[in-house]
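Below is one structure, written out as structure tokens; the observations come after it.
The values are calculated or read from the model by the stated rules, or taken from the named source; none is laboratory data. Just so we're clear, the structure is a prediction, and the values are computed from it rather than from any experiment. Virtual Cβ from ideal backbone geometry, glycine too; neighbours counted across all protein chains shown. Surface areas here come from the heavy atoms of the whole protein model, side chains and all, with no ligands, DNA or RNA. Shrake-Rupley method; radii C 1.70, N 1.55, O 1.52, S 1.80 Å.
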Amino acid sequence: MRLATAEINIPALRYNLARVKEIAPSSKIMAVLKANAYGHGLVKIAQCLSDADAFAVARIDEALALRAGGLTKPIILLEGFFDPSDLPILLANNFETVVHDESQLLAIEQSNLEMPISVWLKVDTGMHRLGIEPEQFDDFYQRLKQCQNVKPAVNLMTHFPCADDVSNDFTQVQIDLFASLVSERREALCLANSAGVIGWPDAHFDWVRSGLMLYGVSPMLDQVGVDHQLKPVMRLKTRVIAIKQVTEGDRVGYGGRWQCQKATTLAVVAMGYGDGYPRHARQGTPVVIKGKRYGIVGSVSMDMISVDVGENAAHIQVGDEVEMWGPTLPVEEVARCADTIPYELLCNVTPRVSYEYCNEE
């Protein structure tokens with residue numbers, strides 16, 4: 001019997017990609033696969049996204065894994081490259097690179113490449129993480145256009161820090177700033193991440209970068225995927241491995257964090273922080289057993305979690321399946337109970353968890 005398992009719904013993944021196309025019909029789609037495809041399995045997920053126009057990853061090793069897996073689509077390195085010695089690797093594997101720093105530009109200018117590479121010039125319009133300053137744009141753009149190591153089309157991009165909040169007008173400020181910088185440039189533009197796709201249609205332009213929403217999770221504040229007609233791709237599940245009777249006053253788990261107020265029944269489930277479940281999930285964080293929600297009690301330990309099943313104990317047996325998050329329990333809700341974000345929960349699923357890819361055909 002398998003215990004901790006991440007069930008990956010491939011039809012839901014493809015549906016979500018189609019949903020991105022529906023929301024941004026005039027844009028090409030860059031499917032973001034960084035961090036092991038947000039915990040879903042890098043190569044497997046890429047192989048199932050044949051309708052995407054390109055893939056985007058953070059680092060070269062992720063891009064190389066895609067090529068090793070037989071993927072031939074364009075791959076964009078969102079963090080760019082980190083050393084001049086990386087440039088031949090980019091060229092040999094037909095990787096496209098973001099340029100966001102003077103050192104990268106100098107490395108490209110000073111290299112002796114057999115063929116030019118594709119470049120995405122990133123402008124910092126207010127996130128203050130990666131990207132050249134707006135006042136540097138003209139200089140960088142002209143140098144890239146004149147560099148024989150760069151293909152003639154220099155793609156242009158920026159990133160939004162606050163697009164998940166449609167009441168915050170900072171995203172519109174960024175859109176306006178970016179538009180003013182590139183207004184006379186006939187280049188492909190890419191601004192919108194998943195939150196930009198959903199919340200800011202004025203930011204769709206030529207390309208959109210869809211990450212979280214491909215996996216059926218809402219990138220917007222206080223919303224869940226179904227609010228945007230998305231379907232969750234991961235169902236994290238396990239099994240009940242013990243039934244335990246406790247009486248009033250008993251303390252449960254490490255540190256006696258939770259004390260029974262009355263006699264009750266606990267179901268012990270095979271899941272813990274060793275599988276990537278958040279250790280700091282609050283008392284009462286829900287799980288689903290046989291279609292009904294129950295709250296966890298006590299501390300999340302490495303391998304197990306206790307769940308108060310109370311009066312329904314007679315209906316629950318060892319071996320019953322437990323959904324930790326998925327179609328009936330949004331990962332966004334579990335993340336709120338752990339004071340974190342769904343990105344972290346998905347990315348933190350550990351190698352101990354078995355993966356099942358469902359309905360791949």
ask   = Cross-link list K44/K290; K21/K237; K73/K231: which exceed 28 angstrom alpha carbon to alpha carbon?
value = K44/K290; K21/K237
task = Would you mind telling me the share, in percent, of accessible area of region 123-236 contributed by carbon and sulfur at probe 1.4 angstrom?
result = 47
query = Which order, highest average first, do 213-221, 255-263 follow once you tally other Cβ atoms within 10 Å for each residue and take the mean per peptide?
reply = 213-221, 255-263
query = So how tilted is helix 170-182 from the main axis of the chain? Cα-based, degrees 0 to 90, rounded to 10.
reply = 20
message = Tell me the accessible surface of W207 in square angstrom (1.4 angstrom probe, heavy atoms of protein chains only), to the nearest ten.
response = 30
query = Can you list the lysines whose alpha carbon is less than 16 Å from that of K244, not counting same-chain residues fewer than 8 positions off?
reply = K262
note = Phi angles of region 25-31, converted by Karplus (6.51 cos²θ - 1.76 cosθ + 1.60, θ = phi - 60°) into ³J(HN,Hα) in whole Hz with x for Gly and Pro, give x, 9, 10, 7, 10, 9, 7
message = Using the crude model of +1 on Lys and Arg Cβ and -1 on Asp and Glu Cβ, and no other charge, please compute the dipole size for the chain relative to its Cα centre, in debye to 20.
response = 1280
ask   = trypsin sites (Lys or Arg not before Pro) within region 286-361: which are DSSP loop residues with at most 16 other Cβ atoms inside 10 Å?
value = K290, R352
message = Can you give me the angle between helix 137-146 and the longest principal axis of the chain, using Cα atoms only, in degrees from 0 to 90, rounded to the nearest 10?
response = 60
task = Using Cα pairs closer than 8 Å and at least 6 residues apart in sequence, work out the relative contact order for the chain, in percent.
result = 19
message = If packing is taken as the average number of other Cβ atoms within 10 Å across a peptide's residues, how do 169-181, 38-50 rank, most packed first?
response = 38-50, 169-181
message = Give me the percent relative contact order of region 10-219, please, defined on Cα pairs under 8 angstrom at least 6 residues apart.
response = 21
query = Tell me, Kirkwood radius of region 148-298 from alpha-carbon pair distances, in Å?
reply = 19.6
query = Protein chains only, probe 1.4 Å: how do H204, H315 rank by accessible area, largest first?
reply = H315, H204
query = Helix 10-23 versus the longest principal axis of the chain: what is the Cα-based angle in degrees, 0 to 90, to the nearest 10?
reply = 50
inquiry  = Positive end of the dipole of region 25-151, charges at C-beta (+1 Lys, Arg; -1 Asp, Glu), about the Cα centre: which of L77, S111, G39 has its Cα farthest in that direction?
reply    = G39
inquiry  = Just to check I understand the Karplus step: with θ = phi - 60° and J = 6.51 cos²θ - 1.76 cosθ + 1.60, what whole-Hz values come out for region 103-110, glycine and proline as x?
reply    = 5, 5, 4, 4, 4, 5, 5, 8
task = Collect residues whose amide H, placed 1.01 Å from N in the peptide plane, falls under 5 Å from the amide H of V32; neighbours closer than 5 in sequence don't count.
result = A56, S210, G211
request  = Write down the accessible area per residue of region 234-358 in Å², having rolled a 1.4 Å probe over the full set of protein chains.
outcome  = 47
inquiry  = Given the DSSP H assignment, sum -39500 (n - 2.57) over each helix run of at least 4 residues in the chain and divide by its residue total; what's the result at 222 nm in deg cm²/dmol, nearest 500?
reply    = -7000 deg cm²/dmol
message = Among 108-117, 16-25, how do they line up by average Cβ neighbours within 10 Å per residue, starting with the highest?
response = 16-25, 108-117
request  = For region 22-70, with all protein chains present and a 1.4 Å probe, just round the carbon and sulfur fraction of the accessible area to a whole percent.
outcome  = 47
key: Electrostatic dipole magnitude of region 10-219 [Cβ: Lys, Arg +1; Asp, Glu -1; Cα centre; debye, to 20]   = 920
